[in-house]
Every structure is written in C-alpha cells, then in structure tokens.
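Coordinate-derived values only; no laboratory data. From a predicted model like this one, the values you see are computed outputs, not experimental measurements. Here the Cβ positions follow ideal geometry from the backbone for every residue, glycine too, while neighbour counts run over all protein chains shown.
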Amino acid sequence: MGRFSAMGEDEQIKRLLKLISLNDDQSAYKQLFVLLYHRLKQFAYSILKSNEEAEELVSDVFVRIWDKRAQLISVESPRLYLYTITKNLAFTRISRQRKQINITSEEWFVQLDSIYFDPEQLVITEEILRQIRKAVNDLPPRCKLIFKLIKEDGLKYKEVAELLQLSIKTVEAQMAIALRRIGKCMHFEIKSTPFQVSSKKS
Amino acid sequence: MNQENFWILLSKKLANEASISELKELEELIHENPDWQYAIQNIEDLWRHKAPNDDMQTLDAYMLHLQRMKDLHISFGEAADEVSVIGHGRRKVRWYWAAAAVTVLAGLFLFLRPGSKSDVSEKPLAREVNEITTRPGSKSKVELPDGSIVWLNAGSKLTYNKDYGQTLREVTLSGEGYFDVMKMKEKPFIIHTSSINIKVLGTVFNVKAYPEDKHTETSLIRGSIEVTIKKRPNDKIILSPNEKLVVENSGIVESEKNIPKENTGSLPISTLMSVNKLKYNAADSTVAETEWIKNKLVFRDESFGDLAMRMERWYDVEIEITDTELKEEHLNGTFDEETIIQAMDALKEFVSFHYEQKGKKIIINR
C-alpha cells in the first residue's frame, strides 16, 4: 500500500469518515485505522513517552471516532480533527497521571527513527546519512516534532500551527532550521550572499 | 539575500506550501547558483521517502482494538462468529499479546579456539542462543531478525542462534507456533522439532509439536514447505496449501502401541504419518488449526482426552480424566473468553461428567 500525496490523502480520509458516519461502514473504519494507526501512535508517543500507552491511546481515539460517528460528517479538516483528539486524550491521560495540567511543548518527544530516510533509494553515502539522522535526532524537541508532522505525516503548516498552538511563521522558521541542519550534513551551506556557496560533492 | 529565506522557501516547496510567486523566487535563486543543484536534489530525495507502513503490526493493533471495543461493550456489529459452546455468563477476560508473559533468555556461550589467540584475523566464535518461552496460559508474538513473524502458543519454546540468517535461518520449536516467513530464496528457513524438520522458502503455516502430544501437526496455509521425518530422513514430503501433515510422535506411539523399539525403523511411512485436507469453516472460512492466534480455542471432532491436554496449556491447569471412555468422547466447539470453570460447565452439557477443582488441578469423573 503506497502513501498518498497530501491533498489526496486528506480527501481519502474525508471519504472514509463520511462512509463511517453515514453507513456505519466497518471496512472504512478499518481502512482509516490502518492508514493512520502508526502516525497517531507516534504522535501520542511524543506526549506520553510510552509505547504501550500510545497504543492504547490510539485505540481510545478510534473508540471515540466510532462513538461520535454521527458527527463525523461535519468535520472540516479531518486530519487536524484526528490529531487534535489524539492530543487532547493524551493530555487528559497525562494530567490524570501527574495531576498536572500544563505540558509545555518543549516536552514533546519524538521517537528515534520515526523520521525515515531510506538509504537504498539515495545517492548519498552511508556516512552522510548517519550524520543526517543524528542531526535530525538532535533537533530541539518542538522543531523535530514539527518536522516529523510535516514530512512523515503530511500535515499542512496551518494544521501543525493550530495543533501545537503556534503561529504559522514559527512553523516556517522551525522547518527552515531543520532543513538547514540537514543541508549542513551534505556540506551545503548558504552564506548570507548567494554568491558564496560551498557545495562539496561526496 | 538572507539565508533563512532560502531555507524557508525550500521547505515550503517540499511541503507543498509554496505559492506560485515563492516557487518562482526559489527557482530563480537556484538558477543563479547551479552548484546548489546536487545538494538540493539530495534533500528533495530525502524528503520524498516516507516510512513504509508496517501492515502486520497495524493489523495486530486493529485486532486488539476490536477486542477492546468488545470489552468496553461498544456495539460494533461483528461478522457471524462460529457458534460458541457457551452463550451466556461471559466474563471479560482481557488479554493482550503485548502483555503476554514472555521470557526471553539470551544465553551467551563463548567458544574460544585454542591456540588462536595470537592470530588477529581469527576472532573467537561467539555463539549466542536466543530462547523465547511462553508459560502455560499465555501466548506471544515474536519477530525474528529477518522480519519473519512467529506467534507462540501457550507452553512453547522457540530457540535460534545468534548467527540466524547469515547462511540459513534455523529455529527449534517445542510446542505450537504459527509462522509467517519472509521470502528469501537464498536463505531457507528451517524448523527443527523433536520428530520432524521443515524447510521453507517463504510462506504461512502452523506447527504443533508439543512433546507430550501423540502427533506433530503441520498445517500449511500458503506457499509450499518440505518436511522430513527424522526417522525417515530420506523421504521428503512436500505439502501444498491447505494440507495438514500429521506425524506420530515416536516415543508415545511406541509406548501406546507396544511396538518393540528395534522395529520402528522399518515401519512403513504410512503408519507414521498422514496428509489431510484442512477443513474450512463454511460460515467464516477460518481454519481451526490457526484460530488460537486470535485467542480462540477451537476444537472440531476432537477427543476429550486431546482437548484436555490443550486446555491444560491454554488455561494453565492440570486436568485428569479418570474414565477412559470419557477420554474418547468427541467434541466440537470454541472457547474464547470463557474461564476454565465456564468452559468445564459448558462441556458438561454435552458430555455428562462431574468435576472437582483443587487449586490448579481439575479431576473429571463419570
């Protein structure tokens, strides 16, 4: 099963939600689960920091979807809706555990390897790839989460901004930081004037 | 220009967020700096490769999720299940694969070659044995280093060496396992049990090889496998999909049939084994042999004696049937969420018997 481009996937999720909402369609429900399970689990993990809890939480999210299926038809931005439910349920769970309501976004924790680079498909060397993985892994937590949500999960800037309660400008800037660090691993650095560029080929 | 701006533009382009004017601006920048091409191309390639979905893991999670919905009494119309022996008094028995008690033992054995210490090129041969065991009453799912998946039924043991996958993929099984083997033509997958060896290229099948059972059973769901019976190493049995090979476990056969030991070697192969067709349930096209991985204990035309042995492992109890005729009663049914007591009470309605429970032991009388 291949991934879908950002636009197509949004429409696909909308279609599935509609089928679930109007027809109690179980096969659409399963498809939605299969499509999003991994990503929602990783997102839940970034809050809960436990695999087991993240798995159970995604199950809670889908319980909620089934319970409230009558309302799904009116969802405008389906991905944002699903990620927001995930976030809210995770925060509820964590505040119950810690008796603490606020969690700062600096506490976001993105799992190692949840951002994916396939070495076989790339022309760069293993060493550079290793450096890129390290650079991405060393990004500040919020920056890494934003990068993961946009690159791996296919969310729009606007959706990420709303989900994490940030401005779009912040999302843009964080994305630029992440990419610049990746470029640096390839010895690709842009100096302040466009005429001084070092681009070593390895 | 400010370098921040370049990265903002590039990330917007990759994320499909850039407006036409922004794309144009970026294009012009790149056009002016052709030596950027290579690095930008690499970054774009990196961006496009998304993690593949682990479908197997996701489907397992879906199965658990449906189970949870059931536990929470959320109605989610289910496909017609096989008629269960018990229709009443269900108690919630939560059961998660992830939580199933698994003991992973990794023993490290070092074999140092004498006299090779000075030779730098000869490294000491490290032999690590991985052992996965499930206790009676629990099950587990194991992913082997090559990505092959094994579901282990209760009271089973799977071992493999650290060098698994280097030239061969060899495992030893005692108990019951459902195998989903990754296809690797050059590296055959071999399973050793006490009475048979199975050679596989890439397929799905179930092996039931409990040393205390009368038979070792191999049920092939997909693909093709080659089985050799240890006592008859020259005969190879090729199984086709939907076939089940039943091999008598020698120790037990000998003692039960009173065959003198020295004669077993010359027994015709047909008395050692039989090949049967797997029977699909008409209602939901499931095969009884593999239903345990869905946490169902399914028995079809099974003697009470054999069923009792499976229930011992399933429920982690000891069952003694004092009456020999009772052992030969044949039964059909499914247990999924029933406790051992509920299961016993249900069976009582089909075969008349009395039972008493003393701790983990259940004694069944006529």
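Under 5 Å from the amide H of B:ARG232 lies no amide H of any residue 5 or more positions distant or on a separate chain, with H modelled from the backbone and absent for Pro and chain starts.
Under 37 °C and 0.692 mPa s, how fast does the stretch B:296-366 diffuse according to Stokes-Einstein, given a Kirkwood radius computed over C-alpha pairs? Answer in µm²/s, whole number. Estimated diffusion coefficient is 274 µm²/s. Note on B:GLN357 and B:LYS24: their simple-model spin labels are 7.9 nm apart, each label 7 Å out from Cα toward Cβ. Considering only B:ALA346, B:TRP314, B:VAL298, and ranking their Cα positions along the charge dipole of the stretch B:296-366 that arises from unit charges at the beta-carbon of Lys, Arg, Asp and Glu, the one farthest toward the positive end is B:TRP314.
Each Lys and Arg contributes +1 and each Asp and Glu -1, all at the Cβ; summed about the Cα centre of the stretch A:6-103, the dipole is approximately 340 debye.
With θ taken as phi - 60° and the Karplus curve 6.51 cos²θ - 1.76 cosθ + 1.60 applied, the whole-hertz 3J(HN,Hα) list for the stretch A:170-186 is 5, 4, 4, 5, 5, 5, 4, 4, 4, 5, 4, 5, 5, x, 4, 5, 8 Hz, x standing for glycine and proline. Scalar couplings 3J(HN,Hα) for the stretch B:321-337, obtained by applying the Karplus form with A = 6.51, B = -1.76, C = 1.60 to θ = phi - 60°, are 9, 7, 9, 5, 5, 4, 4, 8, 4, 9, 10, 10, x, 9, 10, 10, 9 Hz; x denotes Gly and Pro. Taking amide H atoms as placed 1.01 Å from N in the peptide plane, the amide H of B:THR339 lies under 5 Å from those of B:ARG91, each 5 or more residues away in sequence or on another chain. Along the stretch B:171-176 the Karplus relation, 6.51 cos²θ - 1.76 cosθ + 1.60 evaluated at θ = phi - 60°, assigns HN-Hα couplings of 9, 10, 10, 10, x, 10 Hz to successive residues, with x for each Gly and Pro.
Amide hydrogen proximity for A:GLU189: with H placed 1.01 Å from N in the peptide plane, the residues at 5 or more positions away or on another chain lying under 5 Å are A:SER198. When a/c reaches 1.5 or more, the comparison of a/b and b/c decides; with that in mind, is the stretch B:3-47 rounded, prolate or oblate per its Cα gyration tensor? In terms of gyration-tensor shape, oblate. Annotation for B:GLU226 and B:ILE74: the two label points, set 7 Å from Cα along the Cα-Cβ direction, are 4.9 nm apart. Kindly provide the GluC sites (Glu not before Pro) of the stretch B:296-332 that DSSP labels as loop, not H, G, I, E or B, and whose Cβ sees at most 13 other Cβ atoms within 10 Å. Sites meeting the loop and neighbour criteria: B:GLU328. At full extension, A:GLU189 and A:LYS158 could sit 8.4 nm farther apart than now, given 0.36 nm per residue minus the alpha carbon distance.
At 0.890 mPa s and 25 °C, plugging the Kirkwood radius over alpha-carbon pairs of the stretch A:6-103 into Stokes-Einstein gives what diffusion coefficient in µm²/s? Could the numbers behind the result be given before it?
On the way: Rh = 13.8 Å.
In µm²/s, the coefficient is 178.
Determine one quarter of the surface area of the Cα convex hull of the stretch A:30-82, which equals its mean projected area, and express it in nm² to one decimal.
3.6 nm²
For the stretch A:30-91, the list of GluC sites (Glu not before Pro) that fall in a loop by DSSP and count at most 16 other C-beta atoms within 10 angstrom reads A:GLU76. Note on A:175-184: average number of Cβ atoms from other chains within 10 Å of each residue's Cβ is 6.
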